Amino acid sequence: MNKIWQKIMIFTMSLILGIILMTQMRTAGNIFGNINAVEKSGQLNKELARLNIEKNSLREELESLKEDNEEFEETYRKIDEELSRLKKELEKHQIISGFYDVEGEGVVITIDASPNSYLSLASSHQYILSLISYLNNAGVEAISINGQRYTNYTEIVPVLNHINVNGVAMVLPLEIKAIGNYRTIEASLNFVGGIVMQLTQIGYTVEYEVYREPEKIFINRYDGEIELRYASPIID
């Protein structure tokens, strides 16, 4: 009986000790688990702080790139505008120099004289030069004389009883085409005491026809060669 009681007591004590041991182990596990969670939380906070710093750095870099891009776009826009301006300027000078065939509104002037008259283009070529000056003052953009394009390099030279334009002999009738504002050209031709009246007074007949849009005058390009032998550009 005593032995049985002793065994029961030993079993009970062992059970109690086991329960106490398991409780202590579980408590220790919870404590260490909490420590690991705190460490992990600290690591995550550090990683989050690092990512925030990196994010801010990338944001600053992005803003810098945006500013650079805006500067590049502004520079490109200015360059594009300058190229467009230079292209228009080049086209204008090429038209003035007779580099292109051109068309547009304007006036066609015909100068003639009676076959029985003793008028000579050679002796009155200065009137033709004056007429060209009148047209230039009226702001014309292109002129031709009997199909020869008039440019800054064109010479109107009296030869015998005719004139040479760009080295080509010209006789009556003269057909002078002028492209520009037809109202301004017409007003210049009708000027009292102007070149048309002067030509009429010495015996020439002067007629002109106005071409308004959509009607157009066609003028050929200058087919000669322009060679600069003495002038050279000065580049700043």
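The values are calculated or read from the model by the stated rules, or taken from the named source; none is laboratory data. Fair warning: this is a prediction, and the values are worked out from it, not measured in the lab. Using ideal geometry, Cβ is built from the backbone for each residue, glycine included, and neighbour counts are taken over all protein chains shown.
Considering only residues that are farther than 14 Å from ILE202 by Cβ and of a type in the set (Val, Ile, Thr), which ones fall in the range 123-138? Even if it seems obvious, please write down each step before you answer.
Filtering the range 123-138 for residues farther than 14 Å from ILE202 by Cβ gives 129, 132-138.
The one that is farther than 14 Å from ILE202 by Cβ and of a type in the set (Val, Ile, Thr): ILE132.
Every residue in the range 162-210 that is closer than 22 Å to TYR118 by Cβ, part of a strand (DSSP E or B) and of a type in the set (Gly, Ala, Ser), please. The answer is ALA169, and nothing else. Here SER97 qualifies as within 29 Å of the chain's Cα centre (by Cα), under 18 Å from GLY180 (Cβ atoms) and polar (S, T, N, Q).
This table checks each residue for (1) free of Cβ contacts under 8 Å to residues at least 60 places away in the same chain; (2) touching a Phe, Trp or Tyr at 6+ places or on another chain (Cβ under 9 Å).
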site	(1), (2)
ALA122	yes, no
VAL140	yes, no
VAL157	yes, no
LYS177	no, yes
PHE191	yes, yes
GLY194	no, yes
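Of the numbered criteria (1) within 22 Å of ARG149 (Cβ to Cβ); (2) assigned to a loop (DSSP other than H, G, I, E, B), the one PRO214 fails is (1).
Of the residues making up the range 183-220, just one is of a type in the set (S, T, N, Q) and surrounded by 18 or more Cβ atoms within 10 Å (Cβ to Cβ), namely SER188. Being over 31 Å from the mean Cα position of the chain (by Cα) and part of a loop (DSSP other than H, G, I, E, B) is a property that does not hold for LEU131. When GLY180, GLY139, GLY147 are screened for being surrounded by 16 or more Cβ atoms within 10 Å (Cβ to Cβ), of a type outside the set (A, V, I, L, M) and within 35 Å of the chain's Cα centre (by Cα), only GLY180 passes.
VAL157 falls short on exactly one of the conditions (1) within 28 Å of GLN94 (Cα to Cα); (2) assigned to a loop (DSSP other than H, G, I, E, B); (3) touching a helix residue (DSSP H, G or I) at 6+ places or on another chain (Cβ under 9 Å), and that condition is (2). Filtering the range 72-95 for residues that are assigned to a strand (DSSP E or B), closer than 30 Å to ILE128 by Cα and in contact with a strand residue (DSSP E or B) (Cβ under 8 Å, 6 or more places away or on another chain) leaves an empty set. Checking each residue in the range 99-123 for being at pLDDT below 90, closer than 27 Å to GLY194 by Cα and either assigned to a helix (DSSP H, G or I) or not aliphatic (A, V, I, L, M) (or both) picks out SER114, PRO115, ASN116, SER117, TYR118, SER120, SER123.
Would you check if TYR127 is modelled with pLDDT under 85 and hydroxyl-bearing (Ser, Thr, Tyr)? Against the criterion (modelled with pLDDT under 85 and hydroxyl-bearing (Ser, Thr, Tyr)), TYR127 does not qualify.
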